[in-house]
Amino acid sequence: MEKNIKDEIKTYYGGIAKKVSKNSKASCGCKTSCCGNTSNESVLYSKEFTEGLPVEAINASLGCANPLVLANLQQGETVLDLGSGGGIDVLISSKYVGEQGKVYGLDMTDEMLELANNNKIKSGAKNVEFIKGYIENIPLQDETVDVVTSNCVINLSESKEDALGEAYRVLKKGGRLAIADIVQLKAVPDDIKQSIQMWVGCISGALTVEEYINILKKVGFKDIEVNAVNIYTKEVIKEIIESKELEDVFAKMDEMAIDGVFAGAHVKAYK
Ligand SMILES: C[S@@+](CC[C@H](N)C(=O)[O-])C[C@H]1O[C@@H](n2cnc3c(N)ncnc32)[C@H](O)[C@@H]1O
């Protein structure tokens with residue numbers, strides 16, 4: 001694997017943010033799973049979640065499932081979204097935690113932070129703050145957050161144990177982790193495993209369900225559940241390849257070789 005994955009990721013997602021800002025639609029994947037939604041109508045989120053959100057926030061969605069169905073957010077809670085992108089999950093969370101609550105979105109890509117801040121202004125949310133930083137080194141104090149969410153980001157990290165360990169550190173005792181992410185269900189062909197483009201596209205960095213559970217346990221989480229919810233069938237993968245905006249990352253992918261190998265999953269755990 002080549003070096004500088006973080007720089008590649010910043011360049012790729014920075015480019016997507018710029019596209020969305022120019023009113024183009026975001027996508028790094030397909031219509032039903034990581035990392036994308038190529039329609040104004042969200043396929044990952046039911047209307048209840050997206051109601052009242054700026055269309056640019058919905059169009060910037062690059063997730064692989066809806067983590068907020070797991071989060072059970074309550075008024076007054078503090079939430080941290082890891083790799084917040086254009087801010088869709090942050091802005092949805094802000095509705096649920098209300099004025100007494102607070103939602104942080106953390107991202108390392110300047111263009112994404114700019115897009116997210118513009119979406120925050122459009123939404124009128126007052127309880128939201130986007131911060132710049134790395135999920136492997138979260139710039140928040142210990143035990144300050146009730147819920148950590150994330151959508152299609154942990155797979156991009158080269159240090160997943162650091163990222164999940166940091167999530168554990170900032171959670172209050174009894175706090176919860178509610179994540180959507182890509183998981184690997186079967187062995188991955190070597191050429192895909194080695195491809196930096198496939199890593200950037202949320203594919204080759206994916207953990208198996210067992211690996212995910214083991215890391216969560218190792219950093220301290222309990223009551224862990226990891227469930228595949230959107231399976232990447234060859235039909236879904238074909239959609240990705242055919243999507244003109246995605247050719248840069250996915251065009252060379254052999255959809256037969258990875259039919260059913262990856263899935264969007266829900267990950268839930270407690271501190
Ligand atoms: C696939 S997008 C998902 C965005 C958003 N969660 C969503 O559902 O639309 C991945 C995002 O994570 C950010 N990201 C990736 N690796 C990161 C890291 N190590 N630290 C902070 N942000 C990261 C990228 O800049 C990008 O905005």
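Derivation of every value follows stated rules applied to the coordinates shown; laboratory data play no part. Computed from a predicted structure; not experimentally measured. Using ideal geometry, Cβ is built from the backbone for each residue, glycine included, and neighbour counts are taken over all protein chains shown.
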Distance in nm between label sites at Glu99 and Asn4, each 7 Å beyond Cα in the beta-carbon direction? 4.9
Rounded to whole Hz, the Karplus (6.51, -1.76, 1.60) HN-Hα couplings of the stretch 182-199, x for glycine and proline: 7, 10, 9, 9, 9, 4, 9, x, 4, 5, 6, 4, 7, 7, 5, 5, 5, 5
Rounded to whole Hz and in sequence order, give me ³J(HN,Hα) for the stretch 112-129 from the Karplus expression 6.51 cos²θ - 1.76 cosθ + 1.60, θ = phi - 60°, writing x for Gly and Pro. 5, 5, 5, 4, 5, 5, 5, 5, 4, 4, 4, 7, x, 5, 9, 9, 10, 9
Can you say what percent of the DSSP beta bridges in the stretch 112-271, counting only those with both residues inside, are antiparallel? Round to 5. 70
Descending principal axes extents, the chain, alpha-carbon based, whole Å: 49, 42, 33
One finds, for Glu158 and Lys126 with R0 = 35 angstrom and r their Cβ-Cβ distance, a FRET efficiency to the nearest 0.05 of 0.50
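Taking other Cβ within 10 Å of each residue's Cβ, how do Ser150, Ser46, Ser21 sort, fewest first?
Values: Ser150 27, Ser46 11, Ser21 17.
By the 10 Å Cβ count, ascending: Ser46, Ser21, Ser150.
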Quick one: of the DSSP bridges fully inside the stretch 5-270, what percent are antiparallel, nearest 5? 45
